[in-house]
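> Got a structure for you, written out below as structure tokens; questions coming shortly.
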Amino acid sequence: MEKQQNKKVVVICLDGANWDILKPWAEKGWLPNINRFLEKGTSTNLITTLPPVTGPAWVSFATGKNPGAHGCYNFAIPTDSLLNVDPISTEKIKGKTFYEILENDGKKSILINMPCSFPPRIKKGIVLPSFLAADSSDVYPRNIVNKVPEIKNYRVVTDFLKQRIGKGEAMAKDARELEGDKFLIAKKLFLNFEWDFFFVMFMATDWIQHKRYKYLLSGKDKKSSVFVQAYIDLDNYIGWFLDNISKDTTLILISDHGFKSVSTYFHINVWLRENSYLKQKLPRLRLNSSIPLTPDRIIKGGGRVKGLFPNMVRTGSTILINHNSLYLLSGHFARLITKYIPVAKKIIPSEFLNVGYEIDPQNSVAYSISGGNVTGIYINDKVRFKDGLVSEEEYNNIRNEIIKSMKSARDTNGKKIFKNVYKKENIYSGDHLLMAPDILYEESEHIIITTVLSSIKSIEKTPDGGWHDRKGIFAAYGDKIIRGKTIKDISVLDFAPTILHLFGKNIPLDMEGRILFEIFKNK
């Protein structure tokens, strides 16, 4: 097949979206523009990385490689100890992204809210950061704000308190405002600047589904609700792009993961503690310490992760914890409050319930690091970690023992906790496998895994809501795309080579994904 020679490609991401919600609503007429994709384009499920979380998924999307080849397995990666982790950024990505390859060919990209795109790897385009960046105002190039003043209103997350309080109405209202501002900025950049590849991600879908997924799926949330109206807003934005692209432009709609309903928390570190694989300690108060918690630093339980998710704590003011004693007391009071006022769990982030609880690495053989999402279990070995306990000779036996225990783990109703449990080398491959989690897994449909250490029990009932699964969405629309076709499931790794193919570029030999020839009219 000859290479496609598209002049432009637009990609719109609806974070966490799946067809289980979008298709029925499109058929009802609630989402007429997504229905245009289904009727006049090609669509399918997009199977994302294991685990189905933002960090590894978006780097795989950009590189066409699995995490063992690009080196990003989570939002954070351990360094010389399981207590010391670094946040991922473009500086951690091994290999080139498709948008760098396009720039080397003279193409310009505009990237709005693409995770793991900051600091920018491109020099001639425009990059507005995602929630992983150090500062939502840290745009590239800096002078773009002078040309598009609306960028001053750009936000990457909703107001923190609105996320935590109530059943989500305030958060959804704020999300609609945030996404509306983002769309206005996207329109300005789309219409007034040169570009060949244009990307924008809307995140309201993910935020709302974490709160309301089962109600959205069941129909309890009606069309008039603020939750469904947020989807209708996004559908209108998609419609604007459909109406404003040129004939030689391909428009692609994707999500980096899907969603599922959950009913049970499984606190994996508590389970490791229950099974004597993990020991923890409560450090003594040290009044001579100073630990600032600012928008540039957030403290996560089980270790202090510097610079991770600074935008997640941007609520208009700076938090400052002056002493280690206050650091420890903050966790103590958080646990005390939630013990006597259970509803406070909806307001206080689970990470603060871990504050003051640290693993004892010299007496722990395994741990799941706190990096925003749970991605697997690390064996605390002496080869990688300065305070490791497990020798090279013991590694395989201990890992096999933990895997066996995980396969037999059950919830209070006797249901399996894990659908599948894997050794990392059976899922990942490549030159950067060393620092990947040693044990990976797919949890059962009703389970959400956490890294909480402060809980007494490893199993708890969840509040209403949803969590990520691997089945996202893909749809393509344009003059070269087959109309009204549904194809077999594709991989997130297929995205980068297909984009390069649309621009007539050769595919690098180290890209693992394939070109989606089946979406094109001319084969």
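FYI, it's all coordinate maths here, none of it is from the lab. Quick caveat: nothing in here was measured; it's all calculated off a predicted structure. Please note: Cβ atoms are built from the backbone with ideal geometry, for glycine as well, and neighbour counts cover all protein chains shown.
> Determine the alpha carbon to alpha carbon distance for each of Lys167/Lys222; Lys279/Lys423; Lys404/Lys488 and list only those over 26 Å.
Beyond 26 Å between Cα atoms: Lys404/Lys488.
> If you don't mind, another one. Write out the GluC sites (Glu not before Pro) in the range 400-473 meeting two conditions: DSSP loop, and at most 16 other Cβ atoms within 10 Å of their Cβ.
Passing both the DSSP loop test and the Cβ count: Glu445.
> Which entries of Lys211/Lys415; Lys8/Lys260; Lys382/Lys407 have Cα-Cα distances beyond 31 Å here?
Beyond 31 Å between Cα atoms: Lys8/Lys260.
> If the cut-off is 20 Å between C-alpha atoms, which lysines fall inside it for Lys92, apart from same-chain ones fewer than 8 positions away?
By straight Cα distance, Lys92 reaches Lys65, Lys123, Lys306, Lys424.
> Give the aspartates and glutamates whose C-alpha is closer than 19 Å to that of Lys419, dropping any in the same chain fewer than 8 places away, or say none.
Answer for Lys419, where 19 Å is the Cα cut-off: Glu401, Asp411, Asp438, Glu442, Glu443, Glu445, Glu460, Asp469, listed by chain and number.
> Further, regarding this structure: Could you sort the peptides 257-263, 406-412, 169-175 by per-residue average Cβ neighbour count (10 Å cutoff), highest mean leading?
257-263, 169-175, 406-412
> List the trypsin sites (Lys or Arg not before Pro) within the range 63-140 that DSSP assigns to loop and that have no more than 10 neighbouring Cβ atoms inside 10 Å.
In loop regions of the range 63-140 (DSSP not H, G, I, E or B), the sparsely surrounded trypsin sites (Lys or Arg not before Pro) are Lys123.
> Take the alpha carbon gyration tensor of the range 396-456, find the square roots of its eigenvalues, order them as a ≥ b ≥ c, and report rounded if a/c is under 1.5; if not, report prolate when a/b exceeds b/c, else oblate.
prolate
> Write out the trypsin sites (Lys or Arg not before Pro) in the range 437-506 meeting two conditions: DSSP loop, and at most 12 other Cβ atoms within 10 Å of their Cβ.
Hits after loop and neighbour filter: Lys457, Arg483, Lys488.
> Oh, and also: Tell me, what ³J(HN,Hα) does each residue in the range 426-440 have, in order and in whole Hz, if you take phi through Karplus 6.51 cos²θ - 1.76 cosθ + 1.60 with θ = phi - 60° and put x for Gly and Pro?
With coefficients 6.51, -1.76 and 1.60, one gets 8, 10, 9, 8, x, 7, 10, 7, 3, 8, 6, x, 6, 10, 10 Hz.
> Separate question: Subtracting the Cα-Cα distance from 0.36 nm times the residue separation, let me have the gained length for Leu509 to Ser276 in nm, one decimal.
79.4 nm
> Could you run the Karplus curve 6.51 cos²θ - 1.76 cosθ + 1.60 with θ = phi - 60° over the range 388-399 and give me ³J(HN,Hα) per residue in whole Hz, x for Gly and Pro?
x, 10, 8, 7, 4, 6, 8, 3, 4, 5, 5, 4
> Residue by residue, what Karplus-based ³J(HN,Hα) values in Hz, rounded to whole numbers, does the range 470-483 have, using 6.51, -1.76 and 1.60 with θ = phi - 60° and x for Gly and Pro?
7, 9, x, 10, 8, 8, 10, 9, x, 4, 9, 9, 4, 8
> Now, a different point. May I ask you to compute the full-extension gain from Thr412 to Lys223, defined as 0.36 nm times their residue separation minus their alpha-carbon distance, rounded to one decimal in nm?
64.4 nm
> Ranked highest first by average number of other Cβ atoms within 10 Å, how do 446-456, 212-222 line up?
446-456, 212-222
> Can you list the residues, at least 5 places off or on another chain, whose amide H is less than 5 Å from the amide H of Lys485, using H built in the peptide plane?
Here Gly41, Thr42, Ser43 satisfy the definition.
> Let me ask you something else. Please compute the net charge surrounding Asn426, taking Lys and Arg as +1 and Asp and Glu as -1 over other residues with Cβ under 13 Å from its Cβ.
0
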